[in-house]
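What follows is one structure encoded as C-alpha cells, with my remarks underneath.
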Amino acid sequence: MVFLRHKIVKGNSYTYLVENKWNSEKKTPMQKTIKYLGKTSSIILSDIPYQYRNSASVITFLGSTKNTRLVDRERHIRKLKKDFFEFLIHGEIDRVQAIYRNFTRDSTLSDFYQNILRPVLYMIGDMWDLKKLDVGEEHIASNTVVRLLELIKKETRSKPSIGKNVLICTPYSENHVIPCLMLETFLSIRGYKVINLAPSVPVKSILNQIETKKPDLVLMSITLSDHLESGKRLITKIKKLKIPILIGGQATIDMKKIPGVACIESDSLQKIAQLVKQVIK
Ligand code: B12
C-alpha cells in the first residue's frame, strides 16, 4: 500500500510517496520512500510513477480541495512545454531563458529538468524520428539547450564545496552532451566539484584525466546503444584505476548489470543524487 507523507520545512510543505510493507520476520510494518515528489503545491500527475497513480491515497490527494490548483498547474505545464518547444526550435534563447527563470522562481532546478527540459527534448527526438521535424530544427534546439545549460552553470557555480570531485565522461563517439551538462549543473548545486569531459574524448585522455585529477567518482553517460560496447571497454580500463563508476543514460536502461559498476535504473534526478552520495561514501 502506498501513501503520501507531507513534511513541513520552514513553513513549506514537501511530499514523499511512501510504501507501507509488512515485515513478516520482525512482524512489524515497514515504510520505504519510493519517490520524493517535491513541493506539495507543485506536484503534477506526471510526478507520480505510473503504477501508483490509481492508488486510493494518490487519487484522494489529486482530487482534494486543497489541490484545486493541480488542474491549473497541469494545464500551465502543458502550455509551458509547448512554448518551450517553439522557442527552442527557433533558437530564441532569451525566451527560453525567461521560461527557465520564471519556472525556477517557485520550483527547483530538478523540477525544471524533469517536467520541462527533458520531456521537450524527448518530444523533439520523437518528432525528428517521425520526420515531423527537420534535422536543422533539431540542431538549433539542441544548441539552444546547450547555451541555456551554460547559463545555468554560470549561475550555480558559487555553491560551497563538499570536497568531493566527480568526473563525467561518455564513450568515444557519443555526441549527446546535454545529459552530461544537466548532471554537471545538478551536482554542482549540491557542492560537488565537477570535471566534465563530455562528449567523445579519446579513451587515453579520459584515463589521463582520471589519473591526474583523482576524482572520487566517474559518471559515464551512454545514450546510444551502439556505444554500449565501447562504454564497457572504457569501464574495464577505468576499473583498473580503482575509482568507483556510476553509469546511466538511455542506452543503459535494458543493459545487463556489470559487476562492480553502479547503474542508475531510474531517470529521477533525486535518485541520481542519492546514488552518487551512496557510491562516494
Ligand atoms: C539532442 C539530440 C541529438 C543532438 C545532440 C546534441 C548535443 N549537444 O547533445 C545531435 C543532433 C548531435 C544528435 C545526434 C544523433 N542522434 Co540524437 N538525439 C537528441 C535528442 C533529441 C535529445 C537528447 C537529450 O539531450 N535528451 C535529454 C536528456 C537529458 O535525457 P537522457 O539522455 O535520458 O538523460 C537523463 C537520464 O537518462 C539520466 N542520465 C543520462 N546519462 C547519465 C549518466 C549517469 C552516470 C547517470 C547517473 C544518469 C544519467 O539523467 C538525465 C537527466 O534525467 C534525443 C531524443 C531523446 N529521447 O533523448 C535524440 C536521440 C537520442 N538521438 C538519436 C539518434 C538516432 C541520433 C543519431 C544516431 C542521428 C544520426 N543518424 O546522426 C546521432 C548520433 C550522434 C552520436 N554519435 O552520438 C535517437 C537514439 C535512438 C536509439 N535508441 O538509439 C534519439 C532517441 C532520437 C529518436 N527518438 O530516435 N542527437
Check your understanding: Can you tell me which residues in the stretch 116-160 are in contact (Cβ under 8 Å) with a residue 12 or more places away in the chain, of a type in the set (D, E, K, R) and farther than 13 Å from residue 182 by Cβ?
Key -> 137, 138, 147, 157, 159
**Study point:** Counted residues, the stretch 172-192 - those being open to solvent by 20 Å² or more (accessible area, probe 1.4 Å) and more than 7 Å from the ligand (Cβ to nearest atom)
**Key:** 6
Review point. Can you tell which of 32, 79 is modelled with pLDDT of 80 or more, more than 23 Å from residue 149 (Cα to Cα) and open to solvent by 90 Å² or more (accessible area, probe 1.4 Å)?
Key: 32
Check your understanding: How do the pairs read when you match residues in the stretch 263-277 that are among the hydrophobic types (A, V, I, L, M, F, W, C) with residues anywhere that are open to solvent by 40 Å² or more (accessible area, probe 1.4 Å) and more than 10 Å from the ligand (Cβ to nearest atom), using Cβ under 7 Å and keeping only pairs 6 or more apart or on different chains?
Key -> 263/257; 273/190
Practice item. Identify all residues within the stretch 114-154 that are among the basic types (Lys, Arg), part of a helix (DSSP H, G or I) and either more than 9 Å from the ligand (Cβ to nearest atom) or in contact with a Cys (Cβ under 7 Å, 6 or more places away or on another chain) (or both); write none if there are none. Key: 147, 153, 154
Practice item. Residues being among the β-branched types (Val, Ile, Thr) and not in a strand (DSSP E or B): count how many of those fall in the stretch 1-59. Key: 6
Check your understanding: Is it true that some residue in the stretch 250-269 is of a type in the set (A, V, I, L, M), at pLDDT 85 or above, open to solvent by less than 10 Å² (accessible area, probe 1.4 Å) and not in a helix (DSSP H, G or I)?
Key -> no
Exercise for review: Take residue 99 and decide whether it is outside any strand (DSSP E or B), among the hydrophobic types (A, V, I, L, M, F, W, C) and within 21 Å of the chain's Cα centre (by Cα).
Suggested key: yes
Study note, to complete from the structure: Restricting attention to the stretch 156-171, the residues that are in contact with a Pro (Cβ under 7 Å, 6 or more places away or on another chain), in a loop (DSSP other than H, G, I, E, B) and surrounded by fewer than 23 Cβ atoms within 10 Å (Cβ to Cβ) number exactly 0
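Here is a yes/no grid of residues against (1) in contact (Cβ under 8 Å) with a residue 24 or more places away in the chain; (2) within 11 Å of the ligand (Cβ to nearest atom):
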| residue | (1), (2) |
| --- | --- |
| 196 | yes, no |
| 210 | yes, no |
| 219 | yes, yes |
| 222 | yes, yes |
| 239 | no, no |
| 250 | yes, yes |
Check your understanding: Which one is surrounded by the most Cβ atoms within 10 Å (Cβ to Cβ), of the residues in the stretch 200-248 that are modelled with pLDDT of 95 or more and among the acidic types (Asp, Glu)?
Key -> 216
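Okay, residues lined up against (1) charged (D, E, K, R); (2) crowded, with 17+ Cβ neighbours inside 10 Å:
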| residue | (1), (2) |
| --- | --- |
| 2 | no, yes |
| 41 | no, no |
| 49 | no, no |
| 55 | no, yes |
| 86 | yes, no |
| 101 | yes, no |
**Study point:** Count of the stretch 223-242 residues which are in contact with a helix residue (DSSP H, G or I) (Cβ under 6 Å, 6 or more places away or on another chain) and either under 22 Å from residue 126 (Cα atoms) or among the β-branched types (Val, Ile, Thr) (or both)
**Key:** 4
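The values are calculated or read from the model by the stated rules, or taken from the named source; none is laboratory data. Because the structure is predicted, anything quoted here is derived from the model rather than measured. Because the Cβ atoms are built from the backbone with ideal geometry, glycine has one as well, and the counts that use them run over all protein chains shown. Please note that ligands, DNA and RNA were not included when accessible areas were found on the heavy atoms of the full protein model with its side chains. Shrake-Rupley method; radii C 1.70, N 1.55, O 1.52, S 1.80 Å.
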